[in-house]
Amino acid sequence: MVNKTFKIEGMTCASCARAVERATRRLEGVASANVNLATEKLAITFEPSVLSVSDIKKAVKNAGYKAVEEDGGKSGDSNEKERRLLWRRFIISVIVTVPLLYISMGHMAGLPLPGFIDPMMNPRAYAITQLILTLPVVAAGYRYYIVGFKTLLKRSPNMDSLVAIGTGAAVVYGIYAIGRIFMGDTDYAMNLYFESAAVILTLITLGKYFETVSKGKTSDAIKKLMGLAPKTATVIKDDKEVEIPVEEVMVGDIIIVRPGERIPVDGIVISGVTSVDESMLTGESIPVEKHEGDIVTGASLNKNGSIRYKATRVGKDTTLAQIIKLVEDAQGSKAPIAKLADIISGYFVPIVMILAVLSGLAWYVIGGESITFSLTIFISVLVIACPCALGLATPTAIMVGTGKGAENGVLIKSGEALETAHKVDTVVLDKTGTITEGKPKVTDVIAAGGISGETLVMLAASAEIGSEHPLGEAIVEHAKKMGLDIKDATEFKAIPGHGIEVTIEGRHVLLGNRKLMDDRNISLEELAEASDRLANEGKTPMYAAIDSMAAGIIAVADTVKATSKKAIETLHKMGIKVVMITGDNSRTAQAIARQVGIDRVLSEVLPEDKSNEIKKLQSEGSKVAMVGDGINDAPALAQADIGIAIGSGTDVAMESADIVLMRSDLMDVSKAIQLSRSTIRIIKQNLFWAFAYNTVGIPVAMGILHIFGGPLLNPMIAGAAMSLSSVSVVSNALRLKRFKPTV
């Protein structure tokens with residue numbers, strides 16, 4: 001299966017998006033097809049051996065639209081072009097609509113009119129002048145008619161169809177009235193509908209312009225990220241500094257970055273010391289010191305020192321490029337809450353057309369009203385109906401929400417994740433590297449069985465020398481500080497979740513937790529008191545046995561992150577239960593839990609059992625978010641309702657997660673959930689407004705108020721209301737830009 005994204009041209013409302021989805025989903029070999037109205041993009045997954053790109057484009061064309069393959073960075077240009085075009089059309093429309101309104105309605109307010117176009121003195125000239133002024137507005141709005149009638153003929157009418165039929169009916173009636181005037185029936189001069197058609201088209205064009213401007217603002221976060229990437233890089237070629245375009249940088253190139261310059265691509269520092277502003281990635285404004293061997297990230301700002309570094313990721317592989325791709329994918333995805341609006345919008349336009357015809361006929365046949373009155377009802381119903389507001393309610397909020405998250409170092413990978421996060425009532429935190437720093441240190445060495453502390457540390461370090469486990473690394477580091485010789489280990493055997501077994505200089509060595517010792521029937525009675533004391537102090541005891549006899553304990557402590565306690569307090573204030581999961585022993589885990597105020601502890605959990613513990617919590621009715629940073633957290637991250645990966649963790653954990661925190665700060669967990677809650681609140685407001693607008697507006701346009709002696713809705717006011725409904729939904733979504741997490 002292949003994933004591709006296409007820009008869809010010609011869409012104006014949710015009905016358009018629905019039509020493109022229907023057309024592409026019918027194709028053989030398509031696994032999924034989703035259209036986002038706010039981004040005007042089609043995300044499609046298909047089998048290339050069955051279906052070609054040209055087949056997809058053809059299907060979209062047959063539906064009445066045009067599919068263009070995504071070309072990175074060009075969408076902003078096309079949006080700007082669309083804005084300029086709409087503004088030009090609006091200006092042309094206003095220039096002729098203002099005099100048209102004066103001529104058609106000025107005399108009603110007692111305003112003077114030249115004699116040659118006075119309706120009482122010269123009705124023919126009066127009517128022809130209005131037609132001449134209306135034609136440029138119709139010409140400026142030609143797209144409404146081309147798209148509207150084309151989609152109508154293809155049996156998938158959209159908002160343009162409603163506008164085209166409504167204003168078209170007004171113009172056709174006006175031309176019919178001119179014919180009757182020329183035949184001597186001058187009463188028709190007072191019932192021309194040219195000004196209604198012109199004003200409706202002008203207001204809708206203005207509304208579309210504001211909508212396009214607002215939609216452009218929803219993707220500001222992406223534009224800012226794209227603008228951060230430097231255009232050139234200074235690389236060392238044949239012992240000379242050469243400035244080349246950043247696109248030409250290759251993996252392995254040596255790059256020089258001076259103070260004040262942005263780092264072109266990702267890499268590892270090979271010489272120099274500096275501090276780097278990584279706020280564009282993490283939202284953290286304090287610069288990070290970089291020394292030889294440290295990783296630097298493309299687009300971050302070098303503050304005060306010159307460095308040389310080796311490029312490790314270039315082009316689409318850089319962290320910035322991956323973040324941009326991730327945010328774009330999230331903005332193009334759909335949240336489950338959008339499904340109801342999608343279903344309704346699919347039937348919306350045909351139902352509105354039927355209601356417009358029925359209400360017009362009812363007033364004419366049953367109500368005994370004139371054809372002019374019935375036409376007013378018909379046009380008003382068509383024009384006030386707005387599938388746009390329905391279609392924009394969800395995607396605009398998701399675009400702004402995911403963009404705001406990216407600005408704050410919280411990467412939300414889909415609309416579904418953004419929606420689900422607001423339901424979370426239980427957060428499960430991995431201990432090592434999540435609650436704690438993940439950089440443990442040896443604190444106590446207690447020898448037993450007649451061997452010295454130095455020998456114990458030497459054997460333990462020799463056993464752990466190849467280990468990537470943080471506890472093993474701490475022991476090796478401690479041995480190096482003591483100046484001990486590391487011996488060669490043979491017959492190395494890792495026992496997952498328990499420890500290791502090796503042979504060193506003929507001695508059989510076991511190093512691990514209590515479970516390992518119990519499994520091998522090694523008595524720890526001599527070490528029980530010391531073990532309990534260490535565990536109560538929040539230290540992790542690592543037991544050693546030599547030749548099947550207990551040899552001592554090496555205690556390792558991992559310091560709690562400075563922000564962990566405050567982050568857990570914030571989650572509690574939000575009404576969220578916090579659970580800690582760890583492979584550590586119960587006493588140590590409880591000691592850490594007491595320090596940070598955790599509700600529940602799941603200790604001595606093997607890596608492969610973490611996902612089962614998540615399942616148990618879910619079976620209790622909890623909506624669970626799992627926060628972790630290691631490879632062994634990946635299954636649990638995938639099992640949880642929401643997987644949240646700490647950004648400093650492994651690529652595997654980040655791939656398995658729904659949300660990635662670019663900083664290793666637990667405060668960002670509450671930030672992500674608060675952002676989700678704010679976004680869902682905005683979406684619900686938008687959907688309520690969109691449904692309420694149409695639920696109230698359409699009956700009013702049908703003349704419900706008039707039945708009880710109330711006013712009749714003017715088609716021009718209906719057009720203005722329709723335009724404002726779309727703009728209001730997008731503007732409401734833009735309020736998310738002011739989102740600030742509460743601490």
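The values are calculated or read from the model by the stated rules, or taken from the named source; none is laboratory data. This one's a predicted model, so the numbers in the text were calculated from it and none came from an experiment. Every residue, glycine as well, gets a Cβ built from its backbone with ideal geometry; the counts of neighbours run over all protein chains shown. Surface areas here come from the heavy atoms of the whole protein model, side chains and all, with no ligands, DNA or RNA. Shrake-Rupley method; radii C 1.70, N 1.55, O 1.52, S 1.80 Å.
The table for this structure:
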read-out	value
Dipole magnitude of segment 48-176, debye to nearest 20 (Cβ charges: Lys/Arg +1, Asp/Glu -1, about Cα centre)	280
Degrees between helix 586-596 axis and first principal axis of the chain (Cα, 0 to 90, nearest 10)	50
For segment 431-474, diffusion coefficient by Stokes-Einstein and Kirkwood Rh (Cα), 20 °C, 1.002 mPa s, µm²/s	183
Too-long pairs where the Cα-Cα distance tops 21 Å, listed order kept, from Lys615/Lys684; Lys573/Lys610; Lys404/Lys684; Lys404/Lys610	Lys615/Lys684; Lys573/Lys610; Lys404/Lys610
Cross-link reach list, lysines versus Lys290, counting only Cα pairs under 20 Å and skipping chain neighbours closer than eight places	Lys303, Lys310, Lys439
Cβ-based net charge around Ile244, under 11 Å, with every Lys or Arg adding one and every Asp or Glu removing one	-3
Among (1) 34.4, 124; (2) 27.7, 80; (3) 25.9, 80, the entry that matches Rg and Dmax of the Cα atoms in Å as calculated here	(1)
Range of Cα positions in segment 244-320 per principal axis (Å), largest first	30, 25, 20
Relative compactness, segment 165-209, computed as alpha-carbon Rg over 2.2 N^0.38 Å	1.34
Reach of Lys231 by Cα under 17 Å, taken over aspartates and glutamates that are not fewer than 8 positions away in the same chain	Glu241, Glu243, Glu247, Glu248, Asp253, Glu261, Asp266, Asp317
Normalised contact order of segment 429-518, rounded percent, pairs of Cα under 8 Å and 6 or more residues apart	21
Alpha-carbon centroid distance for the pair segment 571-622 / segment 22-43, whole angstrom	41
Calculated Rg and Dmax of segment 185-238 using C-alpha coordinates, Å	25.7, 91
Residue among Val242, Gly315, Leu326 farthest towards the positive dipole end of segment 222-353, charges placed on Cβ	Leu326
Contact order normalised by residue count of the chain, Cα under 8 Å, 6+ apart, percent	13
Within the chain, helix-based [θ] at 222 nm, where runs of 4 or more DSSP H residues each add -39,500 (n - 2.57), nearest 500	-16000 deg cm²/dmol
Whole-percent pair-distance distribution, where bins are 5 Å wide, for the alpha carbons of segment 258-414	2, 8, 12, 12, 10, 8, 7, 6, 6, 5, 5, 5, 4, 4, 3, 2, 1, 0
Set Lys325/Lys413; Lys493/Lys539; Lys561/Lys737; Lys316/Lys737; Lys41/Lys671; Lys4/Lys737 screened for pairs whose C-alpha atoms are more than 19 Å apart	Lys493/Lys539; Lys561/Lys737; Lys316/Lys737; Lys41/Lys671; Lys4/Lys737
Ile268-Asp55 FRET efficiency (beta carbon distance; Förster radius 35 Å; 0.05 resolution)	0.20
Under 10 Å, Cβ to Cβ, from Ile598 - net charge with Lys/Arg +1 and Asp/Glu -1	+4
Solvent exposure of segment 360-462 as accessible area per residue, Å², 1.4 Å probe	29
Long-range HN-HN contacts of Lys66 with modeled amide H, under 5 Å	Glu9
In segment 225-281, the trypsin sites (Lys or Arg not before Pro) that fall in loop regions by DSSP, at most 12 other Cβ within 10 Å	Lys231
Under-5 Å amide H pairs with Ala489, H placed in peptide plane, nonlocal only	none
Dipole in debye (nearest 20) - segment 160-219, about Cα centre, beta carbon charges: Lys, Arg +1; Asp, Glu -1	320
Nearest-20 debye value, the chain charge dipole, Cβ charges on Lys, Arg, Asp, Glu	3320
Computed over segment 313-421: relative contact order in percent, which uses C-alpha pairs under 8 Å that are six or more apart	45
Long-range HN-HN contacts of Ala551 with modeled amide H, under 5 Å	Ala544, Ala545, Ile546
Karplus (6.51, -1.76, 1.60) ³J(HN,Hα), θ = phi - 60°, over segment 601-613, in Hz, Gly and Pro reported as x	10, 10, 9, 6, 9, 5, x, 6, 9, 4, 5, 5, 5
Using a Förster distance of 22 Å, the FRET efficiency for Val94-Leu135 (Cβ separation, nearest 0.05)	0.90
Peptides 32-41, 115-124 ordered by average Cβ neighbours within 10 Å, highest first	32-41, 115-124
For segment 644-743, diffusion coefficient by Stokes-Einstein and Kirkwood Rh (Cα), 37 °C, 0.692 mPa s, µm²/s	192
Rounded accessible area per residue of segment 1-124, 1.4 Å, Å²	52
Per-q log10 I(q)/I(0), segment 1-160, q = 0.08, 0.10, 0.11, 0.20 Å⁻¹ (Debye; single scatterer per alpha-carbon; no solvent)	-0.38, -0.53, -0.60, -1.20
Degrees, to the nearest 10: 159-182 long Cα axis against longest axis of the chain	10
